[in-house]
1. Quick one: which strands (runs of 3 or more DSSP E) sit completely within region 204-300 and have at least 2 residues that are closer than 28 Å to ALA66 by Cα and touching a Phe, Trp or Tyr at 6+ places or on another chain (Cβ under 8 Å)?
2. Which one is surrounded by the fewest Cβ atoms within 10 Å (Cβ to Cβ), of the residues in region 229-260 that are closer than 22 Å to ALA277 by Cβ and among the hydrophobic types (A, V, I, L, M, F, W, C)?
3. Given the options GLY97, GLY37, GLY60, name the one that is among the small types (Gly, Ala, Ser), closer than 26 Å to GLY366 by Cα and surrounded by 21 or more Cβ atoms within 10 Å (Cβ to Cβ).
4. Quick one: which residue in SER153, SER158 is under 25 Å from GLU266 (Cα atoms) and among the polar types (S, T, N, Q)?
5. Out of everything in region 348-359 that is under 17 Å from PHE274 (Cβ atoms) and in contact with a strand residue (DSSP E or B) (Cβ under 9 Å, 6 or more places away or on another chain), what residue ends up being modelled with the lowest pLDDT?
6. Please go through region 67-95 and give me each residue that is in contact (Cβ under 8 Å) with a residue 24 or more places away in the chain and within 18 Å of the chain's Cα centre (by Cα), ordered by number.
7. Within region 178-200, is there a residue that is among the aliphatic types (A, V, I, L, M), in contact (Cβ under 8 Å) with a residue 40 or more places away in the chain and under 23 Å from GLU70 (Cα atoms)?
8. With ARG68, ARG118, ARG92 as the choices, which residue is farther than 30 Å from GLU202 by Cβ, surrounded by 13 or more Cβ atoms within 10 Å (Cβ to Cβ) and basic (Lys, Arg)?
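The values are calculated or read from the model by the stated rules, or taken from the named source; none is laboratory data. This one's a predicted model, so the numbers in the text were calculated from it and none came from an experiment. With ideal geometry, Cβ positions are generated from the backbone for all residues, glycine too; neighbour counts draw on all protein chains shown.
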Amino acid sequence: MTKILIIEDEEDSRELVSMILKREGYEIFEAGSGFSGIQAAFEVEPDLIICDIMMPEIDGYQVLQALRQETRTMTIPFIFLSAKTDKRDVRRGMELGADDYLTKPVFRKELLDAVVSRLNKRTILQNYSDAQVNELGNKITNFLPHELMTPLSVILMSSEILVKHADSIDPPKIREMGQNIHNMTTRLRRQMQNFLLRTELEILVRDPDKLQALRSNLIKSSADLLNVMAQEKARQYTRQTDLKLNLMADAPVKLKVEHFKKLVEELVDNAFNFSPAGSPVTLTTRFTPDTTKLILLVQNQGRGMSVDQINKVGIFSQFDRDKFEQQGLGLGLIIVKQLVEAYNGDLSIKSEPGVQTIVRVVLPTGLGS
């Protein structure tokens, strides 16, 4: 049975809406305040929420904001019901992610039409999302074995040698084999994290509600995170002196923190991985003229990429595999591309093979017009 949560502090109004919907066969849950409404949404996980705006302590706008920040509730269709008829109130509700806006007193047909419309839209999106998940599952099933077998083979071989011959192996060799196991385990973990993130992104970008909620995130100072992530990668490659940072202080970006970290991790890792020690890896940030976008440039001097290789950036396009061990490069770059596009940004690559590569990422700041 379809579950609908009604959040309304006025008892008469709440009971009227409840009565109309119960007669249509819906399972109704009621909350008399914004706070209890948020709790009920987490507990019930309804198929639809109808919420008043003007409530004491926590109003309807705050309820919507709270629910859009949680994975379990961020995509639940949300209808505002209020006596406020000013266009600015309607626009504010829609900007926060509401699906519809009904004014009091609400008529039976108007209410039912809105409810049926939003529930039908949710069903269509869910069916489409399920189909995409199945398609992605087939892709991963075909791709995973190859990507996982290499590190697993190294881990298995090294551990078997240690188990069988530990007493006869010199300590330096044991340390070397232990380091190999550690490196391959780290590589395997990163690949699995990338696959999980790619799956999340495949689903997310096809759901307008989730995408809108995602784009509401904000990092107030990108420079701090960029500095930390870049320095960590430089230490991993023992190339601290090669790292050059030209970062704008207090430059915001509209991304989730973990997504921004992943984006920087993949770009900086590639820059170090495909350039020789002693050559510079440079990160630069600057605003577009209207300050609505932040430009991140990642530059290295090394192998470079041809036009064809740039065009083939993707999950199944790991080029020059025999000559250069990629360690997830193709998947890493496509994840960066998906992340940037999910946040309405842009990714471009300029490269001269054997000379240099410049990756340009443009991200929204939430500033300006």
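1. On the way: elements: 243-246, 281-287, 293-300.
Here the list reads 293-300.
2. To start, the set of residues in region 229-260 that are closer than 22 Å to ALA277 by Cβ comprises 229-246.
In the following step, the residues that additionally are among the hydrophobic types (A, V, I, L, M, F, W, C) were identified as 229-230, 234, 243, 245.
Working: MET229: 20, ALA230: 24, ALA234: 19, LEU243: 20, LEU245: 15.
Of everything passing the filter in region 229-260, LEU245 is surrounded by the fewest Cβ atoms within 10 Å (Cβ to Cβ).
3. Details: GLY97 fails: surrounded by 21 or more Cβ atoms within 10 Å (Cβ to Cβ); GLY37 fails: closer than 26 Å to GLY366 by Cα.
GLY60 is the lone residue from the list that is among the small types (Gly, Ala, Ser), closer than 26 Å to GLY366 by Cα and surrounded by 21 or more Cβ atoms within 10 Å (Cβ to Cβ).
4. Working: SER158 fails: under 25 Å from GLU266 (Cα atoms).
Exactly one of SER153, SER158 is under 25 Å from GLU266 (Cα atoms) and among the polar types (S, T, N, Q), namely SER153.
5. So the first thing to find is which residues in region 348-359 are under 17 Å from PHE274 (Cβ atoms), and the list is 349-359.
Pick out the ones that are also in contact with a strand residue (DSSP E or B) (Cβ under 9 Å, 6 or more places away or on another chain) and you get 349-351, 356-359.
Numbers: ILE349: 88, LYS350: 89, SER351: 85, GLN356: 88, THR357: 90, ILE358: 92, VAL359: 92.
Within region 348-359, the match that is modelled with the lowest pLDDT is SER351.
6. Restricting attention to region 67-95, the residues satisfying the condition of being in contact (Cβ under 8 Å) with a residue 24 or more places away in the chain are 67-70, 72-84, 89, 92-93.
Result: LEU67, ARG68, GLN69, GLU70, ARG72, THR73, MET74, THR75.
7. Looking through region 178-200, at least one residue is among the aliphatic types (A, V, I, L, M), in contact (Cβ under 8 Å) with a residue 40 or more places away in the chain and under 23 Å from GLU70 (Cα atoms).
8. Values: ARG68 fails: farther than 30 Å from GLU202 by Cβ; ARG118 fails: farther than 30 Å from GLU202 by Cβ.
From the options ARG68, ARG118, ARG92, the qualifying one is ARG92.
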